[in-house]
Structure formats: C-alpha cells, structure tokens
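The values are calculated or read from the model by the stated rules, or taken from the named source; none is laboratory data. Remember, it's a predicted structure, so these values are computed and weren't measured experimentally. In this analysis, Cβ positions are derived from the backbone assuming ideal geometry, glycine residues included, and neighbour counts consider all displayed protein chains.
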Amino acid sequence: MRSLWLLHEMQIEFKLHEIEFSMAALRTPEYLGISPLGRVPCLTDNERTIFESGAICQYLCENYDTENLYRAPGHSERIEWLQWIHFAETIAVHGASLVQQKVFIAPEKRSEVVQKLESRRLFIALEILEPILAEHDYLLQSGFSAADTGVGYSIHLAQEFIDITPLENVQRYYDRISKRKAFKLAL
Ligand SMILES: N[C@@H](CCC(=O)N[C@@H](CS)C(=O)NCC(=O)O)C(=O)O
C-alpha cells in the first residue's frame, strides 16, 4: 500500500498487478525472477525491476516527482527525508511480526510474550514521532512529502494492532493523512 499510495499521490499512469497473498502465488518462478524473496511490493519500469519499498520510493521520486514529494541532495531537509523513508520499515517490522502472531500463526502456537514485546516496541517507535508532529503537520517542516507516505503507511498498519490514541500528535497526523484522496485510493 505504501508504494501504491505514493503512485496515487504522483498522479502518474501505472498498471497495478495484484498477486494473491499466498505462498503459492508469491513463490512462482516467474515472480521470483522479479522479486527473489517472493515479497511485495516490486516495481517494473523501463524494463528494469526494483524491490524494497524504500528504494521504490526513492526511485519514483527521483524520476517522477522532483517538485513535491522529493527532497533532492542539497535540500535542507534531505537528511530527514531519507531518514523517515527508511525509518518507516523499522516501524513496519514490528507490525509485520504482529501480523504473523495475530493472523498467520495457528492460535495454539502464538506467543503472548512476543505479542506484548512487539506491541511495546511498535508503540515506542511511534512515540519518537510525537515531538516532531507537535511542531508541524507533516514529518518535514516544508510540508507533505514521500516521507509521509512511508511512515504514514506504517502508522496505518500499527493502528490495526495497537492503540495509538495516547500519542495525540501521531493520532492527529494519522487522521490528517488518511483523509487524503491518494490514501483512500490506495486503500
Ligand atoms: N522491507 C520490505 C518488506 C517486504 C515484505 O516483507 N513484504 C511483505 C508484505 S508487506 C510480503 O511480501 N510478505 C510475504 C512473505 O513474507 O512471504 C519492503 O519494504 O519492501
């Protein structure tokens, strides 16, 4: 969804290939030729393929939206932009663990300890955003960027599993970004 949301924000033409979320569909030789771990997302453009959502984000911004969503080398917020794009996966990794624990693993094999630990680590990862989002509406002072589609999706994932309401600024931020047309289209 993170990459899809970004594509909708860019309002560029693209073709979405949906793959059934199953081992059988994700591990076909054809798909493994594109994404060697058999994971989503991946992007094909000009006969080249790229996997890893942070890399896809950088690639898309560099090639298709240097005006709004990108912060080029030399921009005063370049470092923050890069940091948040990749921090998005630090948040999401806890969400992914909770998806395993709460959805895919058979109930008798789930671990309460892992669930508690991952929920706590997820909450703390979001907590560091509180002071930043107290200062401005988006992660960067200069306004909405691809950093928000990256981290924003991770918050979307997180709120499926943990209560984010004690993080008032994060909650307000989530309310703000989830009203965007491109977010809704991706969802
Ligand atoms: N760090 C990677 C994570 C990719 C990933 O793990 N994707 C999940 C879905 S969100 C997946 O394809 N899981 C299938 C599997 O693990 O077999 C990224 O950001 O692209």
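Can you tell me which residue within region 26-53, out of those that are near the ligand (Cβ under 10 Å from one of its atoms) and either of a type outside the set (A, V, I, L, M, F, W, C) or exposed (fewer than 15 other Cβ atoms within 10 Å of the Cβ) (or both), is farthest from ASP148 (Cα to Cα)?
Among them, the one singled out is ARG27.
Could you check, for region 51-59, whether at least one of its residues is more than 23 Å from PRO36 (Cα to Cα) and among the charged types (D, E, K, R)?
No, that holds for no residue.
Out of PHE21, PHE14, which single residue is among the aromatic types (Phe, Trp, Tyr), at negative phi, in a loop (DSSP other than H, G, I, E, B) and within 13 Å of the ligand (Cβ to nearest atom)?
Testing whether each residue is among the aromatic types (Phe, Trp, Tyr), at negative phi, in a loop (DSSP other than H, G, I, E, B) and within 13 Å of the ligand (Cβ to nearest atom) leaves just PHE21.
For region 86-106, which positions are within 9 Å of the ligand (Cβ to nearest atom), surrounded by 18 or more Cβ atoms within 10 Å (Cβ to Cβ) and closer than 13 Å to GLU160 by Cβ?
ALA92, GLY95, listed by residue number.
Scanning region 131-187 for residues that are of a type in the set (S, T, N, Q) and assigned to a helix (DSSP H, G or I), which turns out surrounded by the most Cβ atoms within 10 Å (Cβ to Cβ)?
Among them, the one singled out is THR149.
Quick check: anything in region 112-125 closer than 26 Å to LEU69 by Cβ and not assigned by TED's automatic domain parsing to the domain that holds MET23?
yes
Go through region 54-67 and report how many residues are at pLDDT 95 or above, away from the ligand (no atom under 16 Å from the Cβ) and of a type outside the set (D, E, K, R).
So the count comes out to 2.
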